[in-house]
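Chemist: Structure provided below as structure tokens; questions to follow.
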Amino acid sequence: MRPSDAAPPSGRPGRSGRTHHADHPGGHPRHLTEGIARFQREVLPAKAGLFARLATSHQPGTLFIGCSDARVVPELVTQTEPGELFVIRTAGNLVPAYAPGTDGIAASIEYAVAVLGVADIVVCGHSGCGAMTALAEGHDLRHAPAVADWLRHADAAQARTAAVDRPAGQDRPTALIRANVAAQLANLATHPAVARALAGDAVRLHGWVFDIATGAVEDLGDGAHPGARPEPHPV
């Protein structure tokens, strides 16, 4: 979620170094259609058995809740195969606390836990998160009212960050990124399907923070003790 990284004019390289090709007459971005062709030509034949099984079976073992940020790709970071992760991505890896009513995130969580029976749930924050940086640095979000409203789901994380001293050398955004993972794990536990699974020891919760520059992943625990500062260790 980085507005400054908006796509450049067609044919010019973006910050990632990828050239943004002109669209085909039919409206399909060329680099995406080329990627599909490469997948069908090179990847699919090499994994034909896997995709044959996946055509009739959907049994992921982990629900992975991460940020919408394009730089954080769960399957790439965890080196998992198709079918292993059930993925939900939201701005700031936020998980609204359960409330009755129609909610796509709540429905996806319920489906993963109650229907698919995932054994693990990961909430993964990441370095340089635009959502947490905006909150920590008090950015003016009046031009993005929907974003501002959505980020209210991080209120508990902000309160927690303000109430404790930061470790030496840790800046505000980093502290909030970490506190937010714990806060979203707490929100996750309010969902009835998750609460039932936790009560029956049928699911485990994990809080992670991924560092984009180094690839390091820190395990912040399961969020079971929200008042305590987690002792991170590498995954």
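The values are calculated or read from the model by the stated rules, or taken from the named source; none is laboratory data. The structure displayed is predicted, hence computed values, not measured ones. Don't worry about glycine lacking a Cβ; one is built from the backbone with ideal geometry, like all the others, and counts go over all protein chains shown. Surface areas here come from the heavy atoms of the whole protein model, side chains and all, with no ligands, DNA or RNA. Shrake-Rupley method; radii C 1.70, N 1.55, O 1.52, S 1.80 Å.
Chemist: For segment 105-139, enumerate the residues that are aliphatic (A, V, I, L, M) and under 16 Å from the mean Cα position of the chain (by Cα). Please lay out each step first, then the result.
Modeler: Initial filter on segment 105-139 (aliphatic (A, V, I, L, M)): 105-107, 109, 112-116, 118-119, 121-123, 131-132, 134-136.
The answer is Ile105, Ala106, Ile109, Ala112, Ile121, Val122, Val123, Ala131, Met132.
Chemist: Looking at Asn93 and the list (1) open to solvent by 10 Å² or more (accessible area, probe 1.4 Å); (2) within 18 Å of Asp222 (Cα to Cα); (3) among the polar types (S, T, N, Q), which single condition is not satisfied?
Modeler: Unmet for Asn93, out of (1) open to solvent by 10 Å² or more (accessible area, probe 1.4 Å); (2) within 18 Å of Asp222 (Cα to Cα); (3) among the polar types (S, T, N, Q): (1).
Chemist: Still on this structure: Inside segment 76-121, can you point out the residues that are at pLDDT 95 or above and polar (S, T, N, Q)?
Modeler: The answer is Thr78, Gln79, Thr80, Thr90, Asn93, Ser108.
Chemist: Oh, and also: If you go through segment 200-222 one residue at a time, do you hit one that is at pLDDT below 95 and in a loop (DSSP other than H, G, I, E, B)?
Modeler: Scanning segment 200-222 turns up at least one residue that is at pLDDT below 95 and in a loop (DSSP other than H, G, I, E, B).
Chemist: How many residues does segment 56-77 hold that are small (Gly, Ala, Ser), open to solvent by less than 80 Å² (accessible area, probe 1.4 Å) and in a loop (DSSP other than H, G, I, E, B)? It would help to see each step written out before you state the result.
Modeler: Filtering segment 56-77 for residues small (Gly, Ala, Ser) gives 57, 61, 66, 68, 70.
Checking which are open to solvent by less than 80 Å² (accessible area, probe 1.4 Å) leaves us with 57, 61, 66, 68.
After this cut, where a residue has to be in a loop (DSSP other than H, G, I, E, B) as well, the list is 57, 61, 68.
Result for segment 56-77: 3.
Chemist: Still on this structure: Going residue by residue through segment 116-129, is there one that turns out to be open to solvent by 10 Å² or more (accessible area, probe 1.4 Å) and touching an Asp or Glu at 6+ places or on another chain (Cβ under 9 Å)? Before you say what the answer is, go through the steps one by one.
Modeler: Our first condition is that a residue be open to solvent by 10 Å² or more (accessible area, probe 1.4 Å); within segment 116-129, this holds for 116-117, 119-120, 127-128.
If we keep only those that are touching an Asp or Glu at 6+ places or on another chain (Cβ under 9 Å) as well, we get 127-128.
Taking every residue of segment 116-129 in turn, at least one turns out to be open to solvent by 10 Å² or more (accessible area, probe 1.4 Å) and touching an Asp or Glu at 6+ places or on another chain (Cβ under 9 Å).
Chemist: Filter segment 161-191 down to residues that are within 21 Å of the chain's Cα centre (by Cα) and of a type outside the set (Val, Ile, Thr), then give me how many there are.
Modeler: Summing the residues that are within 21 Å of the chain's Cα centre (by Cα) and of a type outside the set (Val, Ile, Thr) in segment 161-191 gives 16.
Chemist: Please work out which one of (1) open to solvent by less than 40 Å² (accessible area, probe 1.4 Å); (2) over 26 Å from Arg204 (Cα atoms) is the condition Ala163 fails and give its number.
Modeler: All conditions pass for Ala163, except number (1).
Chemist: A follow-up question, please. Considering only segment 29-42, state which residues are under 25 Å from the mean Cα position of the chain (by Cα) and open to solvent by 60 Å² or more (accessible area, probe 1.4 Å).
Modeler: Leu32, Ile36, Phe39
Chemist: Quick test for you: out of Ala195, Ala216, Ala179, pick the one residue that is of a type in the set (A, V, I, L, M) and buried (at least 20 other Cβ atoms within 10 Å of the Cβ). Outline the logic, then answer.
Modeler: Values: Ala195 fails: buried (at least 20 other Cβ atoms within 10 Å of the Cβ); Ala216 fails: buried (at least 20 other Cβ atoms within 10 Å of the Cβ).
Just one listed residue meets the conditions, Ala179.
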